[in-house]
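Trainee: Encoded as structure tokens, here's the structure I'll be asking about.
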Amino acid sequence: MSGIGAVVRKELTIYFATPIFYLVGFCFLLLGGYFFYANLLYYSLLSFQGAQNPQLAALLTPQQMVFRPLFGTLAIVFLFLVPLITMRLLAEEKRSGTAELLFTYPLTDGAIILGKFLAALLVYLLLLAITVIYPLSLAPITRLDWGALASGYLGLILLGGACLALGLFASSLTENQIIAAVLAFAFLLLFWLIGWQQELGAAGWGGLFAALSLLEHFENLARGVVDTRDVVFYLSFIYFFLFLTQRQLESRRWRA
């Protein structure tokens, strides 16, 4: 897997030189900041009411009132922004004709795919790291559950990796960036909402739909519960779609 670092550096250079990164970052942080402020304001209002009701006050914690809803909101915001991050990765290489040149380099398909995936993941982690300022700003004035916060961020990282792997696969299917973005969003929405079918599907299928849902596995982590089944699901999801992307690229040989 030599050459992964070179691919990562190349992709990061392109990300930071194009307006897409700054547009995605601006939208992500603007919406994240707004919902953090809204959750914090609502928590403050309820805390004043809780001062006269000890039972209500016991239920009001920053984790439940501010950060758990914020993690859910950031996950939904990222669902819309992933297609913008991944649409160019392979589709633009095909459209511009640089794909064939890239594949003549002494790099394996796996190294190219992993390098592009890691570059997109680093961009996502950079944006996510900025949001750590939210709990840090509250730490001096209230008591925080750092374990639950770490679980929530772990959920966002795993969810982000899964979404990026799926977006990269969508980008490998076409030469058109817009089509790649639409495909990525459609796939992500499918895996986000599929868990809702567990209440409507036939007996025995509900568990399968829930097991495939990105949302169902995220909820445990967002509320501070680290279940190894959720971690294994996200890692398997990432591996599966990176594997499909590699098979898609390899298919060019027998189609040529």
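Conditions (1) closer than 29 Å to Gly5 by Cα; (2) assigned to a helix (DSSP H, G or I), marked per residue:
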| position | (1), (2) |
| --- | --- |
| Pro69 | no, yes |
| Leu79 | yes, yes |
| Pro83 | yes, yes |
| Arg88 | yes, no |
| Glu93 | yes, yes |
| Phe117 | yes, yes |
| Ala120 | yes, yes |
| Leu127 | yes, yes |
| Tyr134 | no, yes |
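Trainee: Can you find a residue that is among the aliphatic types (A, V, I, L, M) and free of Cβ contacts under 8 Å to residues at least 24 places away in the same chain anywhere in region 161-182?
Mentor: Within region 161-182, none of the residues are among the aliphatic types (A, V, I, L, M) and free of Cβ contacts under 8 Å to residues at least 24 places away in the same chain.
Trainee: Would you confirm whether any residue within region 67-81 is over 18 Å from Leu127 (Cα atoms) and at pLDDT 80 or above?
Mentor: Yes; the residues of region 67-81 include at least one that is over 18 Å from Leu127 (Cα atoms) and at pLDDT 80 or above.
Trainee: Still on this structure: Quick check on my filter: what residues within region 157-174 are in a loop (DSSP other than H, G, I, E, B) and not hydrophobic (A, V, I, L, M, F, W, C)?
Mentor: Of everything in region 157-174, those that are in a loop (DSSP other than H, G, I, E, B) and not hydrophobic (A, V, I, L, M, F, W, C) turn out to be Ser172, Thr174.
Trainee: Here is a further query. Within region 140-162, is there a residue that is aromatic (Phe, Trp, Tyr) and surrounded by fewer than 19 Cβ atoms within 10 Å (Cβ to Cβ)?
Mentor: Within region 140-162 (the criterion being aromatic (Phe, Trp, Tyr) and surrounded by fewer than 19 Cβ atoms within 10 Å (Cβ to Cβ)), the answer is yes, since at least one residue qualifies.
Trainee: For region 189-256, please list each of the helices (runs of 4 or more DSSP H) lying entirely inside it that holds at least 2 residues being within 19 Å of the chain's Cα centre (by Cα) and at pLDDT 90 or above.
Mentor: Where helices (runs of 4 or more DSSP H) fall fully within region 189-256 and carry at least 2 residues being within 19 Å of the chain's Cα centre (by Cα) and at pLDDT 90 or above, they are 214-222, 228-255.
The values are calculated or read from the model by the stated rules, or taken from the named source; none is laboratory data. These numbers come from a predicted model, not from an experiment. Positions of Cβ are generated from backbone atoms using ideal geometry, with glycine treated the same way; all protein chains shown enter the neighbour counts.
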